[in-house]
Amino acid sequence: MKGKIVVKLSGSLFEPAKGEPARIKKIAKALQKLSDEGYTIVAVAGGGKVARQYIEVGRALGTDESSLDQMGIEVSRLNARLLIFALKGAYPDVPISLEEVAKIAESRRIIVTGGLHPGHSTNAVSALIAEKIRADVFINATDVDGVYSADPRKDKKAKLLKEISVKKLTEMLMSDPMQAGTYDLMDLVALKIIQRSKVKTRIVKCSPEGITSGAKGKSVGTLVRG
Ligand code: UTP
């Protein structure tokens, strides 16, 4: 038996404009291959733009933040279903609790879940699952290659960091307002869990290569030290 992998998939993978079915299929194929090789895979789907659009409309209607979070969770669960459709033999339902995920993980079928509880992001969900199942690695597959020294869209000299400590990353993300729909690259809850569980965490590009390399322990993206 190989390692246990928790992979958070950027919500943008599932956006109709960007994430055409071909991209979802490619990611599913990479996950399937890892599973066939003996890795235990738990994938967590993000909510992406669609979640943020629902949250925006709900907020304009005066809804409370935790109900808005719940809408984000529901969208991430729909995205999880899309990935389940693209996989062969994955667990057919979207688990809705940490305990359920841990129980099903023992079956070694690929599990796809979404958000679990208001107040944090699917990154926090992924870190909690990684802690619970004692995963070998938590791969955060995002829209970017990893963590940069500065915003690469604004600063041409920005460099991709091979490693970053949780402390430094926390400082970088501290200014985050922590509202529904805005729990960026990593939220503070996710960072806390990474720190206490010491789970090996890698931020990579959401691509078959990024995920496969990260799962196999290759130096790709940015390693977050707990
Ligand atoms: P995500 O936080 O996972 O999506 O869920 P994101 O920030 O758009 O990340 P990407 O797209 O994968 O990069 C969307 C929203 O759903 C709520 C939060 O409001 C979050 O911002 N959510 C999600 C929760 O409240 N709890 C969860 O467990 C998951």
*Which loop-located GluC sites (Glu not before Pro) does region 67-163 contain, where loop means any DSSP state but H, G, I, E or B and the Cβ has at most 14 other Cβ atoms within 10 Å?*
GLU106
*Past 31 Å, Cα to Cα, is the threshold; run LYS49/LYS132; LYS29/LYS156; LYS49/LYS192; LYS4/LYS156 against it and keep the listed order.*
LYS29/LYS156; LYS4/LYS156
*Excluding same-chain residues fewer than 8 positions from LYS25, which lysines have a Cα within less than 17 Å of its Cα?*
LYS8, LYS33, LYS88, LYS205
*Gyration tensor (alpha-carbon) shape descriptor, region 36-133, a/c threshold 1.5*: prolate
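Pull out the extension gain between ASP145 and ALA17, defined as 0.36 nm times the separation in residues minus the alpha carbon to alpha carbon distance; nm, one decimal. Working shown, then result.
On the way: separation 128, 0.36 × 128 = 46.08 nm, distance 2.06 nm.
My answer for the length gained is 44.0 nm.
Would you tally the net charge around ILE193, using a Cβ to Cβ cut-off of less than 11 Å, leaving ILE193 out, and scoring K and R as +1, D and E as -1? List each step's numbers first, then the result.
Values: positive: LYS132, LYS192, ARG196, LYS198; negative: GLU131, ASP187.
Charge balance near ILE193 sits at +2.
In the chain, what percentage of the DSSP-assigned beta bridges are antiparallel, given to the nearest 5? Write down the numbers at each step before the final one.
Numbers: 4 of 26 bridges.
Around 15 percent of the beta bridges assigned by DSSP in the chain are antiparallel ones.
What helices does the chain have that are whole DSSP H segments, at least 24 Å long along their own axis by Cα, and with mean Kyte-Doolittle hydropathy of -1.0 or more?
Numbers: long enough: 65-86 (32 Å, 0.34).
Those that clear 24 Å and a mean of -1.0 are 65-86.
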*When a footprinting reagent is the concern and you count Cβ atoms within 10 Å, what order do PHE138, PHE85, PHE14 take, fewest first?*
PHE85, PHE14, PHE138
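Each value in this text was obtained by applying a stated rule to the coordinates, not by laboratory testing. Bear in mind that the values here come from a model prediction, so they are computed numbers and not experimental data. Positions of Cβ are generated from backbone atoms using ideal geometry, with glycine treated the same way; all protein chains shown enter the neighbour counts.
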